[in-house]
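Following: one structure in structure tokens, then a few remarks.
The values are calculated or read from the model by the stated rules, or taken from the named source; none is laboratory data. Remember, it's a predicted structure, so these values are computed and weren't measured experimentally. Glycine gets a Cβ as well: all are built from the backbone with ideal geometry, and neighbour counts include every protein chain shown. Protein only, heavy atoms only, side chains kept; ligands, DNA and RNA dropped before computing areas. Shrake-Rupley method; radii C 1.70, N 1.55, O 1.52, S 1.80 Å.
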Amino acid sequence: MSIHEEKKDILGQSYIYMNYQVDKKGFYGNFGGAYIPEMLVPNVEELRNRYLSIIQEESFQTEMDQLLRDYVGRPTPLYLAKRLSEKYNTTIYLKREDLCHTGAHKVNNTIGQILLARRLGKTRIIAETGAGQHGVATATVCALMGMECIVYMGAVDMERQKPNVERMKMLGATVRPANSGSKTLKDATNEAIRDWINNPVDTHYIIGSVVGPHPYPDLVARFQSIISEEMREQLIDKTGSPNPNYVIACVGGGSNAAGAFYHYLNEKSVNLIAVEAAGQGVYSGHSAATTFLGKPGVIHGSKTLLMQTEDGQITEPYSISAGLDYPGIGPMHANLFETGRAKFYSVTDGEAFNAAMLLSRMEGIIPALESAHAIAVLENIPVKKDDVVVINLSGRGDKDLMTYITRKDEFTK
Amino acid sequence: MTSTKINNKLTQLFATKKKGLLNIYFTAGYPQLEDTRTILKALQDGGADMVEIGIPFSDPLADGPIIQESNDAALHNGITLKKIIQQLQGMRDEIHIPVLLMGYINSALQYGVEKLVSDLSELGVDGMILPDLPVDEYKEKYQDLFEASNLSMVFLVTPQTSAERMKYIDQASSGFIYVVSTASTTGNEAKDLAGQKEYFERIHQAKFNNPTMIGFNIKDHASYTEACQYANGAIIGSAFIKMLGNSHLLEKDIKEFVSFVKQ
């Protein structure tokens with residue numbers, strides 16, 4: 001099925017409808033699919049065959065809604081950032097995912113997947129984590145449900161993100177170091193996939209982003225779509241229209257962006273802005289700006305844009321923000337990039353760092369370094385006075401405090 | 001329907017020899033960059049019935065630590081798929097056993113699948129194993145190309161593969177079916193063949209069109225012999241790589257390894 005679909009409008013005129021959602025074969029345009037070894041096929045097929053019917057069950061939705069409300073703290077506020085708006089001479093709202101329980105949007109997905117795992121009869125949960133946010137969100141829901149939890153984390157990241165390692169342990173999870181390759185997120189993901197190969201019957205793998213084989217990108221996007229669902233209602237209340245002029249989100253794998261864009265994908269008047277990490281500069285050799293540096297290829301079971309050598313070896317990304325430090329992007333985003341539906345920008349470590357300082361001083365909100373990339377892009381997009389801009393503030397900055405303290409002199413002008 | 005179309009050294013071997021076939025996997029460019037041909041020749045001389053040459057990849061999802069490390073070392077040595085193709089130039093002057101290439105789909109995609117098929121066919125390579133290439137996509141995009149080039153495509157089945165899917169995989173495969181012994185990555189020492197009897201019987205009863213080779217966690221004479229009871233032969237990878245990593249006299253050690261397994 002092509003992403004260009006011919007449909008008839010109510011007057012019977014045919015028009016071209018662009019479908020940005022996943023198709024029946026698990027593709028977003030040229031990207032997606034399930035490039036997995038046979039050992040994983042039964043598990044992934046089971047998930048593919050059952051996820052839609054399970055998440056549409058009334059009992060599932062009731063349980064999910066209740067947990068999101070009473071445990072996660074949803075709906076998260078849509079906050080009019082007055083001083084920031086004045087500075088950029090426009091109207092800026094912040095979608096406060098940083099106020100979710102555990103400190104980031106990641107928990108929206110782990111709540112959904114743990115409920116799904118239980119209905120699939122799984123008793124053991126595995127996950128990968130980079131900065132530790134998804135690991136903490138997974139350990140949290142496993143504690144909540146009394147399920148065994150194993151989190152794979154690159155040995156290098158375990159060293160960089162010690163407080164999150166301790167949080168996971170306190171929540172009862174086992175944190176296993178990934179010692180292969182570069183010992184970061186990409187390798188932690190490999191190790192989690194290998195664990196699943198070795199434990200195919202009792203285990204569910206909670207992927208933390210809109211990556212991996214179909215149906216994961218769609219599954220995670222659906223669980224994160226609560227972000228834009230709430231945005232629409234909140235905007236009607238505040239501005240009279242569900243549609244802003246811009247929705248801005250940072251993209252590593254892309255789960256918070258997928259959630260923030262989800263209900264606006266076919267709303268052409270809404271500009272979707274995805275912000276990647278340029279690291280020390282897009283062409284510095286130390287960057288994670290995948291759409292600028294990547295080519296189509298296969299990583300972690302899906303075809304997408306990824307950073308790689310001419311020989312097809314996946315290269316090491318770099319960003320000050322561990323959550324954006326991933327050499328690929330979700331296939332949905334690769335398609336949004338290729339079709340031009342979303343505009344991709346990149347922001348350097350220094351720009352993100354300074355945006356974090358700015359938001360802290362102007363609004364009293366210390367953002368995660370990841371989310372600071374979305375703030376920083378305000379310098380680069382042509383917002384007008386009458387525009388309404390929504391920035392998805394995906395996480396809070398507590399986890400980044402050491403970086404904010406130790407690298408201040410390096411980045412402040 | 002497909003396997004009959006292809007006629008190469010692999011199909012010829014299975015037509016003449018039905019039992020006890022030994023297939024050895026090794027990583028190209030390991031332990032040293034230029035060892036590829038030395039190892040290939042020593043395996044043939046030692047009595048291996050066929051070989052799989054691994055294309056090193058930065059992120060080998062289906063592999064355990066031993067093959068991962070050999071991949072990393074080979075990449076560090078400077079191996080690329082282009083370089084492997086160069087190393088195999090003229091191999092058919094001295095190598096008469098079937099040769100397969102095994103790797104991950106991204107390597108083939110970046111090289112260009114059509115160019116790869118054409119280059120492999122020219123070298124006299126007999127087939128490929130790409131564990132993360134979906135069977136559907138192979139049938140849709142590549143099967144005609146492979147068959148026209150006389151190149152076999154080997155797919156995997158596992159203990160969790162349904163009977164229906166096994167049939168489907170058998171139809172798409174040409175050469176042999178790679179029977180993964182246990183739910184496992186390669187070289188997982190915590191897993192062995194004990195308790196797999198029922199699964200192997202099921203494979204045996206399935207009466208595939210293709211021959212079968214059992215691989216994953218086959219490591220020595222005993223496990224080879226056991227696997228051979230249920231299939232046309234067995235595949236050894238990690239145990240061989242481990243031996244290579246410790247070897248100071250490759251040719252001698254390889255021959256000894258093969259004769260020890262086959263006894």
Would you kindly enumerate the cysteines in chain A that have no other Cys beta-carbon under 4.7 Å from their beta-carbon? A:100, A:250
Quick one, what does Rg over Rh come out to for the protein assembly as shown if you take C-alpha atoms and the Kirkwood Rh? 1.00
What average count of beta carbons from other chains do you get within 10 Å of the Cβ of residues in B:75-81? 2
Ordered by number, the residues of the stretch B:124-138 that have at least 10 Å² less accessible area in the complete protein assembly than on their own chain alone (1.4 Å probe) are B:131, B:132, B:134, B:137
Residue B:251-residue B:263 pseudo-label distance in nm [points 7 Å out on the Cα-to-Cβ vector]: 2.8 nm
Do any residues of the stretch B:141-182 show a loss of at least 50 square angstrom of accessible area between the isolated chain and the full protein assembly, using a 1.4 Å probe, and if so which? B:160, B:165
Out of all DSSP beta bridges in chain A, what portion is antiparallel? Express it as a percent rounded to 5. 35 percent
Here FRET efficiency (C-beta to C-beta, residue A:339 to residue B:33, R₀ 45 Å, nearest 0.05) is 0.60
Qualifying chymotrypsin sites (Phe, Trp or Tyr not before Pro) in the stretch A:253-337, DSSP loop, other Cβ atoms within 10 Å at most 12: A:283
Taking a ≥ b ≥ c as the square roots of the eigenvalues of the Cα gyration tensor, with a/c under 1.5 meaning rounded and otherwise prolate when a/b exceeds b/c and oblate if not, the stretch A:50-176 is oblate
Averaged across A:301-313, how many Cβ atoms of other chains sit within 10 Å of each residue's Cβ atom? 5
Output for the stretch B:185-263: GluC sites (Glu not before Pro) sitting in coil per DSSP, at most 15 other Cβ within 10 Å, listed by number, reads B:189
Mind grabbing the interface size between B and A? I mean buried accessible area, both sides, 1.4 Å probe, in Å² to the nearest hundred. 2800 Å²
Whether the stretch A:86-145 is rounded, prolate or oblate, judged on the alpha carbon gyration tensor where a/c under 1.5 counts as rounded: prolate
Between residue A:57 and residue B:147, how high is the FRET efficiency from 1/(1 + (r/R0)^6) when r is the Cβ-Cβ distance and R₀ = 41 Å? Nearest 0.05. 0.35
Assign unit charges at the C-beta atoms only (+1 for Lys and Arg, -1 for Asp and Glu), then state the dipole size of the stretch B:1-54 relative to its Cα centre in Debye, rounded to the nearest 20. 380 debye
Quick one: order A:319, B:259 from most to least accessible surface, probe 1.4 Å. B:259, A:319
In Å², nearest 10: area of residue A:183 left accessible to a 1.4 Å probe: 70 Å²
Dipole magnitude of the stretch B:9-262 about its Cα centre, charges +1 at Lys/Arg Cβ and -1 at Asp/Glu Cβ only, in debye to the nearest 20? 560 debye
From largest accessible area down, sort B:76, A:204, A:263; use a 1.4 Å probe on the protein chains. B:76, A:263, A:204
Give the residue list of GluC sites (Glu not before Pro) in the stretch B:52-107 that are DSSP loop and have at most 11 other beta-carbon atoms within 10 angstrom. B:94
When you look at the Cβ of every residue in A:28-40, what mean number of other chain Cβ atoms sits within 10 Å? 6
Using r as the Cβ-Cβ distance of residue A:80 and residue A:412, and R0 as 22 Å, what FRET efficiency do you calculate, to the nearest 0.05? 0.20
Mind grabbing the base-10 log of I(q)/I(0) for the stretch A:203-288 at q = 0.15, 0.17, 0.21, 0.25 Å⁻¹? Debye formula, identical points on the C-alpha positions, no solvent, two decimal places. -0.64, -0.77, -0.97, -1.14
On the protein heavy atoms, probe 1.4 angstrom, tell me the percent of accessible surface of the protein assembly as shown carried by carbon and sulfur. 50 percent
Report the percentage of all Cα-Cα pairs in the stretch B:9-262 whose separation exceeds 29 Å, rounded to a whole percent. 22 percent
Taking a probe of 1.4 angstrom, what is the accessible area of residue A:83 in Å², to the nearest 10? 120 Å²
On the full set of protein chains, 1.4 Å probe, figure out the accessible area of residue A:202 and give it in Å² to the nearest 10. 60 Å²
From the backbone phi of the stretch A:188-203, what are the Karplus-calculated ³J(HN,Hα) couplings (6.51 cos²θ - 1.76 cosθ + 1.60, θ = phi - 60°) in whole Hz, Gly and Pro given as x? 4, 5, 4, 5, 5, 5, 5, 4, 5, 4, 7, 10, x, 9, 8, 10
Give me the one-decimal nm value for the distance between modelled label points at residue B:172 and residue A:236, 7 Å along each residue's Cα-to-Cβ direction. 4.5 nm
Karplus couplings for the stretch A:213-223 from phi (6.51 cos²θ - 1.76 cosθ + 1.60, θ = phi - 60°), rounded to Hz, Gly and Pro as x? x, 3, x, 3, x, 6, 4, 5, 4, 4, 5
For the stretch B:9-262: accessible area per residue (Å², 1.4 Å): 37 Å²
Using only the heavy atoms of the protein chains and a 1.4 Å probe, how would A:363, A:166 rank by accessible area, largest first? A:166, A:363
